[in-house]
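Peer 1: Here's a structure for you.
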Amino acid sequence: MQHDDPRNGESTHRSSKKPKISSQFITESDIRDEFSHHHPRVARINNGSFGSCPGSVLAAQRHWQLQFLRQPDAFYFDSLRDGITASRKIIKDLINADHVDEVSLVDNATTAAAIVLQRIGRSFAEGKFQKNDTVLMLHCAYEAVKKSIQAYVTRAGGSVIEVRLPFPVNSEEEIISELKKSIDEGKSNGRRIRLAIIDHITSMPSVVIPVKELVRICRAEGIEQVFVDAAHAIGSVKVDVKEVGADFYVSNLHKWFFCPPSVAFLYCNKSTTSSDLHHPVVSHEYGNGLPIESSWTGTRDYSSQLVVPAVLEFVNRFEGGIEGIMKRNHDQVVKMGKMLVESWGTNLGSPPEMSAAMIMVGLPSRLCLNSEKDALKLRSHLRDCYEVEVPIFHQVPKDGEEGVRDKDGFITGYVRISHQVYNTLEDYEKLRDAINQLVEDGKTCKMLFKE
């Protein structure tokens, strides 16, 4: 059996105790030193896009890179397998998986989506699924996931049902209601929903989804497999794959868990998957199980997969470890979001309890943000003219529905602010003041295109 392969590590591995957390906690000065490689003038409130990596972890990465460069053969035969297995064991314990062979390390959530959707696409192509059976996903799923469905599923005869995510969102019940309606649509005319793709935290707009309840509903409705795209989850919310109950669960380690780019874990529940899951890059390890296939896809830099032990050392320098970091970031991003709302006279895109380390904040309607092009232009303007890095979301109003208003009109744009341990109050004041200056000067997004 796949999990008996010694290259997977000890599948019966259990941690005898929780990782040791330092009794001498990291200081604010230490944090500044760890992230001193960041641009000193830029208000970097976009950790959600690319993540961040502390200096001590970068040093560990450099150690692994030099080990390969000094003697590649010894690195390949003596160090690489054990190093990747050590990282997988740490992740297994962090996410409460049963077996280390349920955990594979891949480049990112996009790679994991390709692994799962290739399998679904083959089932359509080989006639195991009926033409026009369907895959269900949120309408705001990550664009790369949508493209993977297009590449592997729809071209093989499958169809897609999109669950409309209400936004701004006021409660989990709104999301649950939309899911149930979409499931009914997906099962109409005798169709079967072969796979549900559920985000744990949506990217844009950013909302924490009641993932356990949605998975439970999918199971009750007879949906065969559930894939949770949790790109933003590990390091920002609790991850317990047994509580979630999905067949597949992926989360990037380079976004909120301080790994260098790029690395993610893909959890595959061993009781519901088979040996026909394969890495999209085929190497000589093909057929030896996904964890082993993923551990060697040819000559490349594997250092981001090898530094997980160094990351664990870093996070355990904080009071409360990773849980302490998650609470710190959530509390601060909510506080900063409310500060911006008060200054701009706008709104939050979701209740605080439906946010993690990112939150959506409405922009003043006087900016007249009316398209995705406007959002990109304003984002570039903030970067180039104010040294503020923050993503901007254009809210398309639904037909027949009135949107949220401020004192001047409808709110059609939102910033997605992140908070990571390196952020300071000044970062958010810089964003606040930049937007206020644009409004006071009478600048609109249309005017910015002319500059």
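Peer 1: Let me spell it out: the conditions are (1) out of contact with any strand residue (DSSP E or B) (no Cβ under 8 Å at 6 or more places or on another chain); (2) open to solvent by less than 50 Å² (accessible area, probe 1.4 Å), and VAL208 meets all of them except one. Which number is the exception?
Peer 2: (1)
Peer 1: Also, quick follow-up: In the range 403-424, how many residues are buried (at least 16 other Cβ atoms within 10 Å of the Cβ), in a loop (DSSP other than H, G, I, E, B) and of a type in the set (Ser, Thr, Tyr)?
Peer 2: Number satisfying all stated conditions: 2.
Peer 1: Under 6 Å by Cβ, and 6 or more places apart or on different chains, what pairs join a residue from the range 346-372 that is within 20 Å of ASP199 (Cβ to Cβ) with one that is among the β-branched types (Val, Ile, Thr) and assigned to a loop (DSSP other than H, G, I, E, B)?
Peer 2: SER350/VAL169; SER350/VAL207; MET354/VAL207
Peer 1: Please state which one of LEU80, LEU66 is open to solvent by 10 Å² or more (accessible area, probe 1.4 Å), among the hydrophobic types (A, V, I, L, M, F, W, C) and either modelled with pLDDT under 95 or part of a helix (DSSP H, G or I) (or both). Reasoning before the result, please.
Peer 2: On the way: LEU80 fails: open to solvent by 10 Å² or more (accessible area, probe 1.4 Å).
Residue meeting the stated conditions: LEU66.
Peer 1: Now for a separate question. Kindly indicate the residue of the range 25-63 that is among the aliphatic types (A, V, I, L, M) and in a helix (DSSP H, G or I) and also surrounded by the fewest Cβ atoms within 10 Å (Cβ to Cβ) among those meeting that condition. Full working, then the answer.
Peer 2: Taking the range 25-63 first, the residues among the aliphatic types (A, V, I, L, M) are 26, 31, 42-43, 45, 57-60.
Among the residues that remain, those that are also in a helix (DSSP H, G or I) are: 31, 57-60.
Values: ILE31: 18, VAL57: 24, LEU58: 16, ALA59: 11, ALA60: 22.
Here the residue is ALA59.
Peer 1: Same structure, new question: Among the residues of the range 402-423, are any within 26 Å of the chain's Cα centre (by Cα), without any contact (Cβ under 8 Å) to a residue 12 or more places away in the chain and in the same structural domain as LEU369 (by the TED database)?
Peer 2: Within the range 402-423 (the criterion being within 26 Å of the chain's Cα centre (by Cα), without any contact (Cβ under 8 Å) to a residue 12 or more places away in the chain and in the same structural domain as LEU369 (by the TED database)), the answer is no, since none of the residues qualifies.
Peer 1: While we're on this one: Just checking, which of ASP229, ASP247, ASP240 is closer than 25 Å to SER49 by Cβ and of a type in the set (Asp, Glu)? If you could, list the steps in order and put the result at the bottom.
Peer 2: Details: ASP247 fails: closer than 25 Å to SER49 by Cβ; ASP240 fails: closer than 25 Å to SER49 by Cβ.
Of ASP229, ASP247, ASP240, the one residue that is closer than 25 Å to SER49 by Cβ and of a type in the set (Asp, Glu) is ASP229.
Peer 1: Right, here's the next one. Would you tally the residues in the range 275-302 being out of contact with any Gly (no Cβ under 9 Å at 6 or more places or on another chain), touching a residue at least 24 places away in the same chain (Cβ under 8 Å) and under 15 Å from VAL106 (Cβ atoms)?
Peer 2: The qualifying residues number 9.
Peer 1: Also, quick follow-up: Can you tell me which residue within the range 162-187, out of those that are open to solvent by less than 20 Å² (accessible area, probe 1.4 Å) and at pLDDT 90 or above, is nearest to SER355 (Cα to Cα)? Spell out the reasoning first.
Peer 2: From the range 162-187, those open to solvent by less than 20 Å² (accessible area, probe 1.4 Å) are 163, 165, 169, 175, 179, 182-183, 186; that's our starting set.
Add one more test, that the residue is at pLDDT 90 or above, and what stays is 163, 169, 175, 179, 182-183.
Values: VAL163: 20, VAL169: 11, ILE175: 14, LEU179: 19, SER182: 24, ILE183: 25 Å.
The selected residue is VAL169.
Peer 1: Right, something else. Which residue out of ASP427, ASP374 is open to solvent by 20 Å² or more (accessible area, probe 1.4 Å) and either in contact with a Leu (Cβ under 7 Å, 6 or more places away or on another chain) or part of a helix (DSSP H, G or I) (or both)?
Peer 2: Working: ASP374 fails: open to solvent by 20 Å² or more (accessible area, probe 1.4 Å).
ASP427 is the lone residue from the list that is open to solvent by 20 Å² or more (accessible area, probe 1.4 Å) and either in contact with a Leu (Cβ under 7 Å, 6 or more places away or on another chain) or part of a helix (DSSP H, G or I) (or both).
Peer 1: Restricted to the range 104-160, and to residues that are surrounded by fewer than 20 Cβ atoms within 10 Å (Cβ to Cβ) and among the hydrophobic types (A, V, I, L, M, F, W, C), which residue is nearest to ASP184 (Cα to Cα)?
Peer 2: VAL160
Peer 1: Any residue in the range 88-110 that is over 17 Å from SER294 (Cα atoms) sitting within a Cβ distance under 6 Å of a residue that is open to solvent by 40 Å² or more (accessible area, probe 1.4 Å)? List the pairs, counting only those 6 or more apart or interchain.
Peer 2: ASP93/SER15; ASN96/LYS242
The values are calculated or read from the model by the stated rules, or taken from the named source; none is laboratory data. Since the model is a prediction, treat every value here as computed from it, not as a measurement. Heads up, the Cβs are rebuilt from the backbone with ideal geometry, glycines too, and the neighbour counts pull from every protein chain shown. The protein model used for the area step is the full one, side chains on, heavy atoms only, and it has no ligands, DNA or RNA in it. Shrake-Rupley method; radii C 1.70, N 1.55, O 1.52, S 1.80 Å.
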